[in-house]
Amino acid sequence: MSVVQLPISIQLGFMTIFQENNTTLGGYLVTNSWGRPIEFRMSSGVQPNRMHQILYANTLQEYLHADLIGKALLDKSSSAVHLLFTDSLGTLSLRSRVNFPVVAIWDAGDNRGQEFDRVTYKHLSTPGFNQTMVMDPGFAEEEDTVLAILQRLDKAFDLTEPFQRIREAMGEARKMGVANRA
Amino acid sequence: MEQENLMTLQNSSSFPETEKSQIHGIRGSLDLVESDRDDQSVVQEGNLPEKSFSEIIEPRLVLDSPKVETIALLEESSLAIIDPPSWKNELIPKIREPRLLNDSPWVRSPVPLEMKVQVSGWKFPVPIVETLPKPILNPKDSPDEEAVISDKELPDVSIPSNKIKTRIRPRPASDTVLFKDRLLYLLQPPLDHLFGDKQIAVPFKPFPYQLEGIAFLMPRHGALLADEMGLGKTAQAILSMRLLFHSGMISSALIICPKPLVFNWVREIQLWAPDLPFEFFQGDLEERRRTWFVSNCPMKIINYEMITRDAELLSDPRIGVDLVVLDEAQRIKNRTSKTAQIVCSLKRSRSWAITGTPIENRPEDLINLFAFIDPGKVPEGTPLKQIGTLTKDHILRRTKEMVQNDMPPKLIHDIPIELSPDQKISYELAEKEGVIRLNALGDTITVQHVFQLVMRLKQICNFDPVTGASSKLEQLVADMEEVSENQRKAIVFSQWVEPLEMIDKALKPFGPLQFHGKIPQLERIKILDQFKSDPSKHVILMSYGTGSVGLNLQFCDYVFLFDRWWNPAIEDQAINRAHRIGQKNPVTVIRFVVHNSIEQRIANILEAKRKLFQEVLEQAGSPASIGLSENEIFSLFDIQARPHKIAA
């Protein structure tokens, strides 16, 4: 494992893109290495029609997650991050557009992403949990960087928990009518 | 063509006769046409009025009809025509342009191929730079062991990780209006995560109910933490402040507490927030002025007496803090008091009150507390039933029974004491003379007169004023022998200092220490430390006023109430010095009550009122007073005299 130089303060990005009522939405949270919020972004919903489904076919999800919503969220953000976590495989291809590692992460037991390169970092697991991490195989050489960053994090940090926060915040935005402005 | 024909026919008055006849012939042909259409229409010459020429030629549309036949008529013959009613109105041709020739053809528009997404976002105050974790020197040293501060006195209350099932996170309060503020709290990490191994060092992991208390305090600008004594309100407040400082939500805080508790706060801050710099106000006015105006220390501690003296300084507009924490907030229960007015006048954005007895005497105490917590929220004179509704979101109160199922029990024993012969003589004499004197006062009697008699009798119940005999003391000495033999420690509470000094002499074999108003402030910390650490010191003698609040004496297993206080809430506070978090053994509370005496009568009244205390907090009842009312004090004796207003 090569030595990786990291800054004193690490900022993490958490991006969740999910489907709700045939609409795809995205949320993005930038935190410090303790999980404290620094910036939050959320997208409006996107509803592909039949023509999009025909045109994009199997690449539709990747297009929506990475090229459309993911890119828009990152473009609008003004906070730098050192590692981006996402809970969808379709967002992994964002890596080609940014200069920091992108890792998809799920709680253990989820068998998605078996075809991808896996990095399992058991030390990070919170009691009773074990997360699975997946990287874009084209950027597998960044594994050392990812592991170095993960080592800097508290082992009690449940890395899938911020996605829940993002969803709650988006729900609150909808409840307060703020989502309409998005 | 039609128009041209029409023009021609309208000028037919100048037509030559031959042409007219032709036209008549046309008319005749028209008749034929009409007769074809309607068999009942018959042309009868000579019977019909003549029509003008223009009228005759009016039905012009059939001019070009191929069916028209021209009939030659004689000049003499007249032509009568039945005017068809349906043709009376002038027919105006309506010409519609052919739409298909001029309009662009309608075509179904294609679905936009491009999908668009809009993004909205918010930035938050920058949290402090997190510190790097300590290097692990020995692989055997797990981070768990590093994070725990070694302190034998601290209880082992770490929560097994498998018991943490749900995340405890701050939620925006109902009065958090701005969406950005609500987001900031919603996006905070779970508290059990924050108090993990590397992030925020704590001596031991807070209990889940304490995390809930922190989650309650953090997002609230006005909050009342009213947990029962001994549940760690101070720790919850300090950790909440620490998180707010860390997240950049506040940059200054002022803690106001009773004078005896200043050093308690100092100790607690050092324990729970060692990374937060603090200072406490002391010295003369000039020194305090520097602390107010010059010092940049983010957290400052001041006692009630001092802040009252600095009222003039506080009127300066430069003084303002992000958060004011009011410990033992019942001190401002009287809103007209100078202390309450000064505290309420402080410029602040957040107001937290901490007290185990939010209602010490009357439900109005709570209203007065809210004059500080959320000015205007509960107006003076608010009906009791509405107080609960208005304050619901701002109050958090838990009892030990609610949160600590495994807390050792509190065993209360009322020990009936028979007065010694000397005491009995003195007591009966004093009561008899006292009642006679009170009755002699007639209408001029006041509650103070009765109060003086009560105090006198209570003192006799403690010690005989002539011989110094005391049944209570004999009982206490006997009990202390048992405490001492079991290597336990005890606290003795009394209302007065003098009895404590007499008890001190009698308990010399048990290493007594005194902790009351006559003991200088700086010596008190040493006394507490000595009592804690010296195994030969088995008992500490405390006055209710000095020792009943804020002290952590959970290493004591016995509490003696040598005499009773007027207010059960104060007694509870005193008992909870020992019965609090960290206590591992059952706490035995022994209350000495002299049988058939003023003490017994007071105890009976207080016991009945104690039950109402909880009812008020739960808004189920509305007692007028928790302590003794004026009427109740008069009812302690069989006296006929009453002041005017009572008698009325």
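What follows draws every value from the coordinates through simple rules; no lab data is involved. The shown structure was predicted, so the numbers you read here are calculated from the model rather than taken from an experiment. Heads up, the Cβs are rebuilt from the backbone with ideal geometry, glycines too, and the neighbour counts pull from every protein chain shown.
One table, with the values for the structure above:
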{"item": "Net lengthening on full extension, B:VAL294/B:ALA608 (0.36 nm per residue, minus Cα-Cα)", "result": "107.8 nm"}
{"item": "Extension gain (nm, one decimal) between B:GLN452 and B:GLU401, 0.36 nm per residue minus Cα-Cα", "result": "14.5 nm"}
{"item": "Point-to-point label distance, B:LEU390-B:LEU91, nm (Cα→Cβ direction, 7 Å offset)", "result": "8.7"}
{"item": "Two-site FRET efficiency, B:ILE525 against A:SER96, from Cβ-Cβ distance with R₀ of 45 Å, rounded to 0.05", "result": "0.10"}
{"item": "Over region A:11-176, relative contact order from alpha-carbon pairs under 8 Å, at least 6 apart, %", "result": "21"}
{"item": "Burial ranking of peptide ranges B:441-454, B:201-214 (average Cβ count within 10 Å, highest at the top)", "result": "B:201-214, B:441-454"}
{"item": "Formal net charge of residues neighbouring A:VAL46 (Cβ-Cβ distance under 13 Å; K, R +1; D, E -1)", "result": "-1"}
{"item": "Additional length obtainable on full extension of the chain from B:GLN270 to B:GLU433, 0.36 nm per residue less Cα span", "result": "53.1 nm"}
{"item": "Within 10 Å of each Cβ in A:149-158, the average number of Cβ atoms from other chains", "result": "5"}
{"item": "Point-to-point label distance, B:LEU178-B:HIS413, nm (Cα→Cβ direction, 7 Å offset)", "result": "5.9"}
{"item": "Ranked by how many other beta carbons lie within 10 Å on average, peptides B:325-332, B:394-401 from highest", "result": "B:325-332, B:394-401"}
{"item": "Computed E for A:ASN21/B:LEU113 - FRET, C-beta separation, R0 25 angstrom, nearest 0.05", "result": "0.65"}
{"item": "Listed pairs B:LYS508/B:LYS532; B:LYS424/B:LYS472; B:LYS205/B:LYS259; B:LYS489/B:LYS526; B:LYS123/B:LYS347 exceeding 20 Å between Cα atoms", "result": "B:LYS205/B:LYS259; B:LYS123/B:LYS347"}
